Every structure is written in C-alpha cells, then in structure tokens.
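Below: one structure, written as structure tokens.
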Amino acid sequence: SYDDSVGVEVSSDSFWEVGNYKRTVKRIDDGHRLCNDLMNCIHERARIEKVYAQQLTEWAKRWKQLVEKGPQYGTVERAWCAFMSEAEKVSELHLEVKGSLMNEDFEKIKNWQKEAFHKQMMGGFKETKEAEDGFRKAQKPWAKKLKEVEAAKKAYHAACKEEKLAISRETNSKADPALNPEQLKKLQDKVERSKQDVLKTKEKYEKSLKELDNATPQYMENMEQVFEQCQQFEEKRLRFFREVLLEVQKHLDLSNVASYKNIYRELEQNIKAADAVEDLRWFRANQGPGMSMNWPQFEEWSADLNRTLSRREKKKASDGVTLTGINQTGDQVSQPNKHSSSLSVQSNTVQSVQSSYNPFEDEEDTGSTVSEKEDNKIKNVSSYEKNQSYPTDWSDEESNNPFSSTDANGDTNPFDEDTSPAMEVRVRALYDYEGQEQDELSFKAGDELTKMENEDEQGWCKGRLDNGQVGLYPANYVEPIQ
C-alpha cells in the first residue's frame, strides 16, 4: 500500500514534495478554530461593553444623588447633572452594542461555522477528509514512481562505488610481485563485472527517471485541481470573516449614530444654559434677603395647657428658615421642590454625609486610619446638604454660640448637644404629655426623666428620658424630685 511518509526523503519545503500537501489540509481545521477564536473575541468585547455600561449607570446614579443632596443649586446644578444624564444615555447605547455583537455577529459566525464544517462520526471534519483523500489520490501514482527512481538511484550509486573499489584493488595488485596470475585474473574479472553493473543500474535509473518525468504533468494537474478546491473553500471563509468584521465595525462605531451625536449636542446646550446671574438671583430670593419673614408680634398667653404653643411655631421665627409658602417677586426663578423644603439640622445629616462615597480617595492608601478616611469623605463630597439649616438662636451664653473661639478652632461641634452634668436634674411628670412635634418628648404622669437645660423664654425645658431619647417638654408639666 502507498504511504507518503515512508521510503521517500523530502529534499525541500516545496508543496510538490511528497506529503507537503498536509499544510493545505491543516488550513481547513485552522479555519474552524479561527471561527471559534473570532467568536471568543467578539464575546469578550461584548462583555466589556456590558461592564462599561453598568459602570456608567452606577457612576451616574451615585453622583446624581450626591449633586442633588449637595450644596450646588440652580442652572449650574442642572448643567452638572447633565453629565449623569449623558452617562445613562451612553450606557444604553453600549448595551445596544453588546446586544448587536452577541445576537447578530456572534450568532452569524456560529451558524456559518456549523454550515461550512461537518463533523464525522469518527472525529475530524468531512471537508478535511475529502481534501486529504483528494491529495493522496492525486499524489499516489507519482509518489510510487518517485520511490522507484530513488531505489534505482541508490542501486546505481552503489554500483559506481563498487566499480571504483575494484579498479583500485586491481591497480594495487599489479605492483605486488607476490600476487600470482590467478589472483590477478580474479581482480580483473571483478572490475569487468562492476562496470557492467554500473551500465545496467544507470540504464534502469534513467528509465525510471524518464517515467517519473512523464508522470509529473498529470501529477501537477491533479494536485492543482484538489488545491483549487481547498482555495475556494478558504476564500469563502476569508470573505465571510471580512463581511463579519465590517458589521462588527459598524456596531462599534458610535460616531455615525445620530442619537450618540444628539447626546453630546444636548450636553453642550445644558452646560451653556448655566447662568450665574440667574442662580444668584434665585439664591437671594429663596435663601437670602428676598425671603419672607414672620416678624415677631405680640401674642396673648393661652391658659389651655393641652394647647401649649408649639415649639415648632416659635422656631419659625427664631430657630431656622422655612421656605414653604414663599411669596416670590416677579424676577425670582422657580426651582425644584427640594429647595423649598424646611431647613433644619437633623441628627442624621452628618451621618448621611459621612456615609457618602468619595470617588477621589485612593483605594490603596494605607497611610491613614479609617476615621481619617471618613473625615476626608465628609470634606471632599460636600460640606453640608441642601436641607441643612443654620442655628439662629441668639444667646449671650458662650456655650450656645456656634461662632465661639473654641468652635472656630475646631475643638467643639456647634451641632453637639449640651450635656453638661451641672445642668442635669431629676424631675417627675405631673401630667400626661403627648409630643406635638418630632423634637418633643412624650410621657405619662409619674414618669421620671432628667432635665438637661433650664426653662427658656417660651416655657420649654430640654430633657432626657430613661430610654435615652432627648427632646423638649413644657416646664410646668414636671416638678423636681426631692
């Protein structure tokens, strides 16, 4: 049986050498593997597009909340928030890119690969076996004759070597006087036979070579035919890859997408719409001298203990600024509802700022403690939130002045509760009281609590229940415990 790997030495790297067609056959298997590689390439890019879209969405959501809660206001705030809107829209486009890559390009390659390559029961592909069989059939007659030529060549070269050795022995024997005539005759006969072998092997070698030459054109034609079939198969794959890559390029190129251009055109318009004069006018009207004011007026004292003046009503004039129901002038700018909420300092205000995430903090920075990082987060994200109020209680007591020297130096917090032990007195409730406001205490007659501050001008005290709750209560509702 014919075996293209035994008996013939390959003298060059030429395609025409026996067995060198295997590179062309291997290209078919490589084509199938390249389809897998291209699908993996597109799949990885689609995953990157998805992750990028998710990161844009998360970034936009986090910073939108920070900006809305932060101190920025007006048209500049809207311009800033336009960047988050841009990120959300670009995120949607990149999700569409991911969908196009997987649902169109990936699936197209997968289906084409399935149609172009057919697996066999015994392994391998039908196209590979057909090419292998075609090349073997085309090469078999010529390879057989080549094998005969190699054998004739070997025999001829062996005869030439033997002839040369016999002639050398005959020449040396003539110079030896001890050699008898009979031995000399044998050497001469050996030379004669070797010359005849040379002529015979040479004739056979030339004949087999001539036959090989005659078979070469047919061999080349048959090999060219099978090779062309492989070329056509490979041409389909190359053209298909080019077509798919062009489609991938179209899906990735957002510069030609009209909606993508509109995103940045709209972003530019939002930024240019920012107006410092308009924002300053709004701030004056809503948080400055342009605000309405409930100026103090004479009020009659009410004897109804259950209808004690609400602390919140007093605070409207003294403890903070209420932006609800503002009578704006004609040139005042309307703003979102978040700017018209009642401004008051809550205990969770600082906590909400502390829990804010600082995107500019170096994650690898190990030189600072956790508490230092929390402080940095508060400073870097925002100094205060939009619903923060400023204390307006005027007092000669230095401990209640947020602008005292100790506060200015950062030693104390003006928002901390004054819990001086010298002020605390245990008291007992004389009547039931239900808190009317969030900062008021509720208790029953007979309950004991701790008075933390003396009675103010409105008749309110500050106290702490045994469960730790701190708040205000009417001074005449309790009596000291003897």
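The values are calculated or read from the model by the stated rules, or taken from the named source; none is laboratory data. Model, not experiment: these values are computed from the prediction. With ideal geometry, Cβ positions are generated from the backbone for all residues, glycine too; neighbour counts draw on all protein chains shown. Side chains are part of the model used for accessible areas, which takes the heavy atoms of the whole protein and leaves out ligands, DNA and RNA. Shrake-Rupley method; radii C 1.70, N 1.55, O 1.52, S 1.80 Å.
Tabulated results
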{"quantity": "Residues that are assigned to a loop (DSSP other than H, G, I, E, B) and either in the same structural domain as residue 83 (by the TED database) or touching a residue at least 12 places away in the same chain (Cβ under 8 Å) (or both), drawn from region 266-292", "calculated": "273, 274, 275, 290, 291, 292"}
{"quantity": "Single condition residue 190 does not satisfy, out of (1) among the charged types (D, E, K, R); (2) open to solvent by less than 50 Å² (accessible area, probe 1.4 Å); (3) at pLDDT below 90", "calculated": "(2)"}
